[in-house]
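Structure, as structure tokens:
The values are calculated or read from the model by the stated rules, or taken from the named source; none is laboratory data. This one's a predicted model, so the numbers in the text were calculated from it and none came from an experiment. Positions of Cβ are generated from backbone atoms using ideal geometry, with glycine treated the same way; all protein chains shown enter the neighbour counts.
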Amino acid sequence: MTKLFFLSFSLLLTLPAMAQKYPQPGDCKSHIAQIVCLVDPADPSTPEAGYLKRPCKPGSEDYQSFFERHYDRSPDVIKNMYCHLEKIFVEVGFQGTAYASQVVDPSGKMTGGAIGIRKEVLDNPLTYPQWLSWKEETSFGGSTTVTGPSLDLIHYQANINTHDLFLDFVLAHEFGHLFDFTNKLNQLVDCRWEEDDHGGHLVGACTPMPGSWSSLSWQGATSPTPANDYPFRKETCFYFCNGHYLPAADSTAMFSGLLGSNFASTYAASNMADDWAETFAYYTMIQARGFQLYVETHGNVFDLTGHFASDLLVSKRAYVEAFLQSPFLYPGEGNVTPHSRKTIIDR
């Protein structure tokens with residue numbers, strides 16, 4: 001399995017024959033109560049549609065307020081996404097933090113989106129820097145649970161130290177994926193996905209389409225341009241390391257390399273889908289919340305919001321701005337065919 005889809009694996013959720021009727025804009029907050037669903041993991045042998053049909057467990061309503069409060073403090077571009085979600089799954093058992101998926105009807109038309117989030121990260125309200133420090137350390141052998149012991153290796157610091165900011169960022173990232181699916185921001189030329197016994201693989205040249213998001217940093221489906229590659233980028237594995245970890249001594253070189261690239265974060269550098277979603281989330285948080293972020297490792301401090309504002313990322317900031325000023329689509333709007341890769345994205 002290639003690195004791009006190691007962190008971005010697949011699922012296409014299929015609705016019954018009758019398409020869902022969305023609330024009108026302005027009713028998006030009231031829609032939340034209808035779609036929040038606490039669920040057990042799906043049986044791996046269940047068809048893909050089974051993910052959407054999992055029964056909601058008792059206590060689902062206990063998680064409604066997380067998303068209603070997120071709605072209240074969000075800009076309109078984020079608020080309106082709630083009208084186009086068909087499910088918000090709160091996952092009892094999940095390896096990552098969150099995910100996003102297309103939802104299609106039996107004819108293959110995209111009808112909306114779905115997101116899921118790990119129950120543990122709602123039950124244990126870490127601040128955004130605490131969560132990000134935990135996630136970054138998983139590549140170095142850190143705990144796979146947010147309540148586990150820290151390696152005391154990587155310390156993110158932000159000017160807003162709240163659980164609200166954690167949720168704002170993660171949901172902006174997942175909504176960014178939904179915008180990508182619907183508006184086909186990442187496009188590859190001469191490229192198709194073929195299923196196999198190991199999940200699937202890409203076939204063809206798979207070069208970024210000129211003018212697409214992927215053309216800003218990537219030369220192929222899984223490889224950035226030489227100017228944007230850096231030491232230990234491809235070795236970062238986050239939740240999916242399978243026992244192969246980066247040495248702690250390499251963290252300084254990793255962040256030094258990141259600040260010489262046009263990626264907003266180490267996670268953005270892992271694949272083109274998360275490159276867009278991370279950049280969209282950073283842009284949204286900076287514009288809406290005045291967000292500032294730093295990271296310290298081995299006594300070295302790296303200014304990540306300064307990096308985001310630098311000339312290295314000028315084309316990416318301009319791309320996000322142009323997208324937000326364009327007549328973009330939400331999931332379920334327009335006659336949009338599903339993304340060629342049937343995608344759940346783990347965050």
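Observations on the model:
- Selection of region 48-72 for residues being outside any helix (DSSP H, G or I), of a type in the set (D, E, K, R) and modelled with pLDDT under 95 yields Lys53, Arg54.
- Subset of region 280-299 (residues that are farther than 21 Å from Ile154 by Cβ, buried (at least 24 other Cβ atoms within 10 Å of the Cβ) and touching a Phe, Trp or Tyr at 6+ places or on another chain (Cβ under 8 Å)): Phe280
- Qualifying positions in region 116-129 - touching a Ser or Thr at 6+ places or on another chain (Cβ under 9 Å), buried (at least 18 other Cβ atoms within 10 Å of the Cβ) and in a helix (DSSP H, G or I): Val121, Tyr128
- Subset tally (residues that are surrounded by fewer than 17 Cβ atoms within 10 Å (Cβ to Cβ), within 18 Å of Gly142 (Cβ to Cβ) and in contact with a helix residue (DSSP H, G or I) (Cβ under 6 Å, 6 or more places away or on another chain)) for region 200-239: 1
- Residue in region 89-101 that is within 20 Å of Thr162 (Cα to Cα) and either assigned to a loop (DSSP other than H, G, I, E, B) or of a type in the set (S, T, N, Q) (or both) present: yes
Listed here are the residues, each with its yes/no results for (1) of a type in the set (A, V, I, L, M); (2) surrounded by fewer than 16 Cβ atoms within 10 Å (Cβ to Cβ); (3) more than 21 Å from His84 (Cβ to Cβ); (4) in contact (Cβ under 8 Å) with a residue 60 or more places away in the chain.
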residue: Gly243; (1), (2), (3), (4): no, yes, yes, no
residue: Ser270; (1), (2), (3), (4): no, no, yes, yes
residue: Lys316; (1), (2), (3), (4): no, no, yes, yes
residue: Phe323; (1), (2), (3), (4): no, no, no, yes
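- Residue within region 133-140 that is surrounded by fewer than 24 Cβ atoms within 10 Å (Cβ to Cβ) and either hydrophobic (A, V, I, L, M, F, W, C) or assigned to a loop (DSSP other than H, G, I, E, B) (or both) present: yes
- Condition broken by Asp190, with the remaining ones in (1) modelled with pLDDT under 95; (2) of a type in the set (D, E, K, R); (3) in contact with a helix residue (DSSP H, G or I) (Cβ under 9 Å, 6 or more places away or on another chain) satisfied: (3)
- Count - residues of region 251-266 that are crowded, with 18+ Cβ neighbours inside 10 Å and either without any contact (Cβ under 8 Å) to a residue 40 or more places away in the chain or outside any loop (DSSP other than H, G, I, E, B) (or both): 6
- Look at (1) part of a loop (DSSP other than H, G, I, E, B); (2) among the acidic types (Asp, Glu); (3) touching a residue at least 12 places away in the same chain (Cβ under 8 Å) and you find that Asp196 fails only one, number (3).
- Condition check for Gln219: within 19 Å of Ala269 (Cα to Cα) and in contact with a Gly (Cβ under 9 Å, 6 or more places away or on another chain): no
- Residue check, Leu151 under 30 Å from Asn242 (Cβ atoms), touching a residue at least 60 places away in the same chain (Cβ under 8 Å) and over 21 Å from the mean Cα position of the chain (by Cα): yes
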